[in-house]
1. At 7 Å along the Cα-to-beta-carbon direction for both residue 309 and residue 48, put a label point, then send me their distance in nm to one decimal.
2. Tell me the angle of helix 103-113 to the major Cα principal axis of the chain, expressed in degrees between 0 and 90 and rounded to the nearest ten.
3. Choose one answer from 287, 141, 215: the residue with the largest mean-square fluctuation in a GNM of the chain with alpha-carbon springs under 10 Å.
4. Just want the ordering: 69, 57, from fewest to most Cβ atoms lying within 10 Å of their own Cβ.
5. How high is the relative contact order of the chain, in percent, with contacts defined as C-alpha pairs under 8 Å that are six or more residues apart?
6. Along the Cα→Cβ direction, 7 angstrom out, place labels at residue 231 and residue 279. What is the inter-label distance in nm?
7. Distance between the C-alpha centers of segment 74-138 and segment 187-214? Whole Å please.
8. Here are a few candidate values for Rg/Rh (Cα atoms, Kirkwood Rh): (i) 1.11; (ii) 0.94; (iii) 1.00. Which one was actually calculated from the structure I just gave you?
């Protein structure tokens, strides 16, 4: 029976109460529930050992869950394994077996594993989009680490999956290649592929994700739209550089929340991103009344990294 993709349902992966406890007692996942929306880039962020790879491995059918269920594009991941798995492309973290097989054959073979008819034009298109076409006849063993990573992506895309999992896609990859990878991820999303990436590089999540899930110790701490996350937790710091130092901060300025820098040369003000405008106008007015000459004003917004660190430090 052929199954057409149910594009009307915005949820493409539904994860309910997923837990994994290994035989040695280690609890890798603890009651994780999560819905992934069709066509989004979802970043699963967490330190090493937080449960990111376990979660992906269960969804892709490589590891059995202890409890819980996963539905992929309407298919139950256990009962309808073949249909569910055919929706997914997985790019594992480990580069894996060194193969003497050339790139073209290897990617074409991956397509065949999913029962797809040969499509040399599609394989060519994938290899070209990954800058691998020139290397198509090279044995994989002769490629650089970055090129091997691209071959893994080509293999994962060979059967035209609706969903692509990238497990730490740029771990150990140099900075320029990282930019290429990011560009490719965006292109795939623009083509309608849903992308789930795990990363411990904060800038990767900040750069790419529509939504971010933060996982630690096998528990999903929060899932939030990236923009909202940065607004909700993001603080800004305004630094008012003074023309000459002052020795003490007037009381009414302290009441407004200003802090004097140690060298007396600057006033600092921390504020949440959403309530800024009103208070900043008041502050500048108050400083003016004291005839404190301000030389320069600079603002700094907390990055996803700072938000992440502050969340990790909260006692569970």
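No value in this document is a laboratory result; all are computed from the given coordinates. Everything numeric here is computed off the predicted structure, so don't read it as measured data. A quick note on method: Cβ atoms are made from the backbone with ideal geometry, for glycine too, and the neighbour counts reach across all protein chains shown.
1. 2.0
2. For 103-113 against the chain, the angle is about 70 degrees.
3. 287
4. Listing 69, 57 from fewest to most nearby Cβ atoms yields 69, 57.
5. On the way: 535 pairs, mean separation 60.2, N = 316.
It comes to 19 percent, rounded to a whole number.
6. A separation of 1.7 nm, rounded to one decimal place.
7. The distance from the Cα centre of segment 74-138 to that of segment 187-214 comes to 21 Å.
8. Recomputing Rg/Rh (Cα atoms, Kirkwood Rh) here gives the entry labelled (i).
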